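Trainee: Input: one structure, supplied below.
The values are calculated or read from the model by the stated rules, or taken from the named source; none is laboratory data. In this text the structure is predicted, and so the values were computed from the model without any measurement. Glycine gets a Cβ as well: all are built from the backbone with ideal geometry, and neighbour counts include every protein chain shown.
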């Protein structure tokens, strides 16, 4: 018989200190880290009673439309934002919709008042996490750097390549900002489990806490690459150990200048390929985000992973990518997830594939073991700490925050892990938790999440996990 939930929980509790110790060692030996390419300002709106009704009324959205709650891939009218928000609330799932016109962006700004401005974008959030953890040099790509954006960076490690006084150098954000730059603003609607509202007799109710994002971001959505950043990294990438690549989810099919998504992705790929040529040992991680256009998703991922070491995504993104790559599994339960991941890692050719969900994280690796388990666990711990504090947590504060919060360990993770082991003919034991399970020539490592049903913040948890995981990951190469 496999281990009990209590033994399972105790194992991970005891491993917390080891996970932090490994993270400390990995961070201390990291010479440099790149976070690219998407950084923006998040205008955060916490949904309160009546907010959804007022938005729907101002956008002239009828109850009949809300029942279907099927928004288009991008918002060209205010009503499209409302329909997408309704879908997020009803499903209790977080996703994003790009705003296709400045008119819709202006409508949101005129209709809403942000509760708070925060760091946004996967690269922006991750750079703050890494800097606060103690990574000494986090080179971050920023397409537009007004003072509002510069003030949102945290810690002492963030450096932004810029030309100042005719000299190309990496500057502190408050030295790198420009009064001529405009903020790239993403509206983030956060909602708590149980939030409900009514529109003409039709009720929307959130089964769980999450967030919805509507973004108008002409620079990041065109996958703009800053020339100073590109030149600086060409010079310094030999002294960088890890790179986190994100932001391609913002790409659009066609642009006003006649270029297409293929042109933009090719530009991205060219920059990354140059890094790989200049530094063959650079660990390059590509992180997915929500993309509903299957053609764009498939092309982007297949191109960008050609020179990647690892790839990360969440459970919603897993199903989207599986559909786009035609690797859908017919199995049920945990083997369904595992078969899809195995097909993906074979297709993408990366060394490590990481799935992070609400209840667990899972790594499928060509070679793995304790290193990956501790790294996954540290990422989960860091994300859990963020749910209780609402901000980035330093390396020395993680255990203290978690001790105070006393968050429960996901029972769903225990069930998933136990059923997966049983499906593979294994009686789950402590050795399997740390070293992983064998499946088709790969090692499978599963780590539970610490669950907070009412997080202080839900934005950036996946990015926090990924940054923590990568920061603590020791080389898996021979």
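Trainee: Kindly establish whether residue 143 is within 26 Å of residue 393 (Cβ to Cβ), outside the structural domain of residue 464 (by TED's automatic domain parsing) and at pLDDT 95 or above.
Mentor: It is false that residue 143 is within 26 Å of residue 393 (Cβ to Cβ), outside the structural domain of residue 464 (by TED's automatic domain parsing) and at pLDDT 95 or above.
Trainee: Let me spell it out: the conditions are (1) under 30 Å from residue 189 (Cβ atoms); (2) at pLDDT 95 or above; (3) under 22 Å from the mean Cα position of the chain (by Cα), and residue 416 meets all of them except one. Which number is the exception?
Mentor: With respect to (1) under 30 Å from residue 189 (Cβ atoms); (2) at pLDDT 95 or above; (3) under 22 Å from the mean Cα position of the chain (by Cα), residue 416 is out only on (3).
Trainee: Tally time: how many residues in the stretch 428-440 are surrounded by fewer than 22 Cβ atoms within 10 Å (Cβ to Cβ) and in contact (Cβ under 8 Å) with a residue 60 or more places away in the chain?
Mentor: 6
Trainee: For the stretch 363-384, how many residues meet the condition of being touching a helix residue (DSSP H, G or I) at 6+ places or on another chain (Cβ under 7 Å) and buried (at least 24 other Cβ atoms within 10 Å of the Cβ)?
Mentor: 14
Trainee: Of everything in the stretch 31-67 that's in contact with a helix residue (DSSP H, G or I) (Cβ under 7 Å, 6 or more places away or on another chain) and in a loop (DSSP other than H, G, I, E, B), which residue is nearest to residue 196 (Cα to Cα)?
Mentor: Going through the qualifying residues, I end up with 61.
Trainee: If you take the residues in the stretch 353-371 that are modelled with pLDDT under 95 and not in a loop (DSSP other than H, G, I, E, B), which one is farthest from the chain's Cα centre (by Cα)?
Mentor: Ranking the qualifying residues of the stretch 353-371, first place goes to 370.
Trainee: To continue, here is another question. Any residue at all in the stretch 453-464 that is modelled with pLDDT of 95 or more and either in a strand (DSSP E or B) or over 27 Å from the mean Cα position of the chain (by Cα) (or both)?
Mentor: Within the stretch 453-464, none of the residues are modelled with pLDDT of 95 or more and either in a strand (DSSP E or B) or over 27 Å from the mean Cα position of the chain (by Cα) (or both).
Trainee: Let me ask something else. With the stretch 117-218 as the region, which strands (runs of 3 or more DSSP E) entirely inside it contain at least 2 residues that are over 25 Å from the mean Cα position of the chain (by Cα) and closer than 30 Å to residue 90 by Cα?
Mentor: 196-199, 202-205
Trainee: Limited to the stretch 120-133, what total is found for residues that are surrounded by fewer than 24 Cβ atoms within 10 Å (Cβ to Cβ) and in contact with a helix residue (DSSP H, G or I) (Cβ under 8 Å, 6 or more places away or on another chain)?
Mentor: Total meeting the criteria: 0.
So that you can scan it fast, the table gives a plain yes or no per residue for (1) modelled with pLDDT of 95 or more; (2) farther than 22 Å from residue 314 by Cα; (3) touching a strand residue (DSSP E or B) at 6+ places or on another chain (Cβ under 9 Å):
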{"position": "37", "(1), (2), (3)": "yes, no, yes"}
{"position": "46", "(1), (2), (3)": "no, yes, yes"}
{"position": "50", "(1), (2), (3)": "no, yes, yes"}
{"position": "63", "(1), (2), (3)": "no, yes, yes"}
{"position": "70", "(1), (2), (3)": "no, no, no"}
{"position": "76", "(1), (2), (3)": "no, yes, yes"}
{"position": "89", "(1), (2), (3)": "no, no, yes"}
{"position": "93", "(1), (2), (3)": "no, no, yes"}
{"position": "97", "(1), (2), (3)": "no, no, yes"}
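Trainee: Could you please tell me which pairs satisfy a Cβ distance under 6 Å, a separation of 6+ or placement on different chains, a first residue in the stretch 1-25 that is modelled with pLDDT of 95 or more, and a second residue that is surrounded by fewer than 15 Cβ atoms within 10 Å (Cβ to Cβ)?
Mentor: So the pair list comes out as 11/430.
Trainee: Out of the stretch 84-103, which residues are buried (at least 20 other Cβ atoms within 10 Å of the Cβ) and closer than 11 Å to residue 204 by Cβ?
Mentor: Selection gives 85, 86, 88, 89.
Trainee: From the list 287, 274, which residue is more than 16 Å from the chain's Cα centre (by Cα) and at pLDDT 95 or above?
Mentor: So the residue among 287, 274 that is more than 16 Å from the chain's Cα centre (by Cα) and at pLDDT 95 or above is 274.
Trainee: Select from the stretch 458-474 the residues that are surrounded by fewer than 24 Cβ atoms within 10 Å (Cβ to Cβ) and either free of Cβ contacts under 8 Å to residues at least 12 places away in the same chain or out of contact with any strand residue (DSSP E or B) (no Cβ under 7 Å at 6 or more places or on another chain) (or both) and list them in ascending order.
Mentor: Listed by number, the list holds a single entry, 474.
Trainee: Say we look at the stretch 419-440 and pick out the residues that are closer than 20 Å to residue 332 by Cα and in a helix (DSSP H, G or I); which of these is nearest to the chain's Cα centre (by Cα)?
Mentor: The residue in question is 420.
Trainee: Mind listing just one residue for me: the one in the stretch 62-81 that is touching a residue at least 60 places away in the same chain (Cβ under 8 Å) and under 19 Å from residue 98 (Cβ atoms) and, of those, surrounded by the fewest Cβ atoms within 10 Å (Cβ to Cβ)?
Mentor: The qualifying residue surrounded by the fewest Cβ atoms within 10 Å (Cβ to Cβ) is 73.
Trainee: With respect to residue 321, determine if the residue is within 21 Å of residue 380 (Cβ to Cβ) and free of Cβ contacts under 8 Å to residues at least 40 places away in the same chain.
Mentor: no
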